[in-house]
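The block underneath contains the structure these notes are about, expressed in structure tokens.
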Amino acid sequence: MTYVKVDIAKPGDNKGVGGDKKDKVIIFDWDDVASMPSRDANGIVVTGNIVMNPGAYMVKLYATQSTIKAGADSEGDPDAKGITQSVEFEHPGDSQAIREFRANWMNKNIGIVVERCSSGQKNLYGTPCSPLQMVFKGEDDKDKNKTTFTFKSTQKGPDIADYQGTLTLSAAVATVAVDAVAINLTTGPGRYQLTDGAAAVANISTCSNAVDGMVFTLVGSGGAFPSEITGTDFLLASGTAWSAIAGAEITFKAFKSGSSAWKFIEMSRK
């Protein structure tokens, strides 16, 4: 499908203000990625999940908020232009952990997710074929003790992606109780670990404490009585039921369909 040219209006009052980034930068090694979902037809939006290899996770690195600077630059000759991406930030101090990070992430092919505070939008920097690599400068003097990190594309590639999947961190945001038929989303976006049923398969029918637009992933438990989703408040792709077998995952986006009514729309599964 070819991009359709459309008018682009002013995106709302004060949308050009700086900052608005969370102080945890999400970093991962492309060598740890089992599969990367494709972008949509217009080349920016990624709705599926980045699937990590077994035992591999994304990590969070604290960044001084006011120093986070990310961007994309086009370059090249006529008919040969491409885009390079970059992410820069400072981390205070020179702890053992940050020095180990500096030493062990050099020469890695890296992807980075930077999330906006106001909207939760997740910008994805780097791709498997045009990854970022790290350089850093450590300073310790009478005025400062910090590391300045710069991650930059190794070669030209596409523009920054709008990543709408969930983040695979070292731990789930919550564990769902045995035999639960409703998922309590009070913890917020992220991965929810399901639990094998005690004596029968639980049919999950809805969620509570959702926020409109929230994206969340349910992670299969495996076992003798894995939960299942067949419908009710869940809108499943092609109406196909999902079972929480070992290794299975399914991602939904919450949609408020009435004053107190909700639908949870499937975005991807594996």
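Below, the figures for the structure above:
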| item | result |
| --- | --- |
| Set of aspartates and glutamates with alpha-carbon distance to K137 below 12 Å, sequence-local pairs under 8 removed | E88, E90, D94 |
| In sequence order, calculated HN-Hα J values of the range 203-214 (Karplus, 6.51, -1.76, 1.60; Hz; x Gly/Pro) | 9, 6, 10, 7, 9, 10, 6, 7, 10, 4, x, 5 |
| From the coordinates shown, Kirkwood radius over Cα pairs in Å corresponds to which of (i) 20.5; (ii) 21.1; (iii) 19.3 | (i) |
| Pairwise centroid distance, computed over Cα atoms, of the range 149-189 with the range 32-91, Å | 14 Å |
| In order through the range 65-77: 3J(HN,Hα) via Karplus (6.51 cos²θ - 1.76 cosθ + 1.60), integer Hz, x for Gly, Pro | 3, 5, 9, 5, 9, 10, x, 9, 10, 8, 7, x, 6 |
| Members of K146/K270; K15/K253; K22/K152; K122/K146 lying beyond 30 Å, as alpha-carbon distances in this model show | K146/K270 |
| Computed [θ] at 222 nm, helices only, for the chain once each DSSP H run of length n ≥ 4 contributes -39500 (n - 2.57) | -1000 deg cm²/dmol |
| Between helix 96-105 and the chain: long-axis angle, C-alpha atoms, 0 to 90°, nearest 10 | 90 degrees |
| Efficiency of FRET between S38 and A177 - r from beta-carbon atoms, R0 35 angstrom, step 0.05 | 0.50 |
| Percent breakdown of C-alpha pair distances by 10 Å bin, ordered from the shortest bin, for the range 24-163 | 11, 41, 34, 12, 2, 0 |
| Gyration tensor (Cα) of the range 1-101, equivalent ellipsoid semi-axes in angstrom | 29, 22, 16 |
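Bear in mind these aren't lab numbers, they're just calculated from the coordinates by the rules spelled out. These figures come from a predicted structure and were not determined experimentally. Backbone-built Cβ (ideal geometry, glycine too); neighbour counts: all protein chains shown.
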